[in-house]
Amino acid sequence: MAESQITLKDVHVTLDGAAGPVRILRGIDLDIGAGETVAILGPSGSGKSTLLSIVGGLEAVTSGALSFRGRDLTGLNEDRLALFRRDHVSIVFQSFHLLPTMTALENVAAPLELAGRADPFGRAARELETVGLAERTGHYPSQLSGGEQQRVAVARALAADPEVILADEPTGNLDGETGGRIVDLLFRANSERDTTLLLVTHDEKLARRCGRILRLKDGVIASEEPGVERAA
């Protein structure tokens, strides 16, 4: 494996439910190397999205430890976790999460402006060109197709130059052909920019494009296997 980048040790996540505590993750041990592509498969409710949220610093662990390149993130408060995400992680969601009152260019540039990056609009324009939307920079989300909106979301993720991209069912709202284009963009970022890609999906064929496949069941990693295409 490449140099260890993300490490989870005996991670548990328990939430309060109406009928009592609900154990979402129950002792996850995981090591992800820099530049890896890892797919997370499992039935609904198995803890896939929660695991992604833990890695991205969006949710706190109940017990256990999370570290990034040896830096312990477990006890960080929300502000410090937000800084960690800003500097290291980008997230692509199933539902795009674009701001409806902003153009495609503004949606990509806004996080860069907030982070104090140089030339945010120039950088945003270049990334939109990378994903094939150079002619759509002035369009609002309502004027874009679902696939175009997801490409804007991918451009926004790439513009931050993240070390890690987390993708939560990024093709779930798209048809097969359009989803394939989105996935190609994510894997291209992995190969050309050496980003680590952690991908939650229900799609076995998509999962097998990754170097490793983790199968979650009832909050634990039930099995792990190499991706067929990468292993060949």
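A few points about this structure:
- Residues that are more than 21 Å from Ala39 (Cβ to Cβ), among the hydrophobic types (A, V, I, L, M, F, W, C) and in a helix (DSSP H, G or I) were ranked within segment 129-153; the one that is most open to solvent (accessible area, probe 1.4 Å) is Ala134.
- Which numbered condition Leu214 fails, given (1) of a type outside the set (D, E, K, R); (2) farther than 28 Å from Gly57 by Cβ; (3) in contact (Cβ under 8 Å) with a residue 60 or more places away in the chain: (2)
- Restricting attention to segment 110-123, the residues that are buried (at least 20 other Cβ atoms within 10 Å of the Cβ) and over 21 Å from Ala167 (Cα atoms) add up to 1.
- Within segment 207-227, if we keep just the residues that are small (Gly, Ala, Ser) and under 17 Å from the mean Cα position of the chain (by Cα), the residue that is least open to solvent (accessible area, probe 1.4 Å) turns out to be Ala207.
- Members of segment 66-87 that are touching a Phe, Trp or Tyr at 6+ places or on another chain (Cβ under 8 Å) and at pLDDT below 95: Leu73, Leu76, Phe84
- Residue satisfying all of: in segment 184-206; farther than 13 Å from Leu158 by Cα and within 12 Å of the chain's Cα centre (by Cα); surrounded by the most Cβ atoms within 10 Å (Cβ to Cβ) among these: Leu199
- Checked against (1) within 18 Å of the chain's Cα centre (by Cα); (2) touching a residue at least 60 places away in the same chain (Cβ under 8 Å), Arg26 meets all criteria but (1).
For (1) in a helix (DSSP H, G or I); (2) touching a His at 6+ places or on another chain (Cβ under 9 Å); (3) surrounded by fewer than 20 Cβ atoms within 10 Å (Cβ to Cβ); (4) modelled with pLDDT under 95, each residue gets a yes or a no:
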residue: Ala125; (1), (2), (3), (4): yes, no, no, no
residue: Ala155; (1), (2), (3), (4): yes, no, no, no
residue: Ile165; (1), (2), (3), (4): no, no, no, no
residue: Pro170; (1), (2), (3), (4): no, no, no, yes
residue: Asn173; (1), (2), (3), (4): no, no, yes, yes
residue: Glu229; (1), (2), (3), (4): yes, no, yes, yes
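- Pairs, first on the phi < 0 side of the Ramachandran plot in segment 78-90, second of a type in the set (D, E, K, R), C-beta under 6 Å, six or more apart: His88/Glu163
The values are calculated or read from the model by the stated rules, or taken from the named source; none is laboratory data. Quick caveat, the model's predicted, so the values are computed rather than measured. For neighbour counting, all protein chains shown are included, and Cβ atoms are generated from backbone atoms with ideal geometry for every residue, glycine included. Each accessible area value is taken on the protein alone, full model and side chains, heavy atoms only, with ligands, DNA and RNA left out. Shrake-Rupley method; radii C 1.70, N 1.55, O 1.52, S 1.80 Å.
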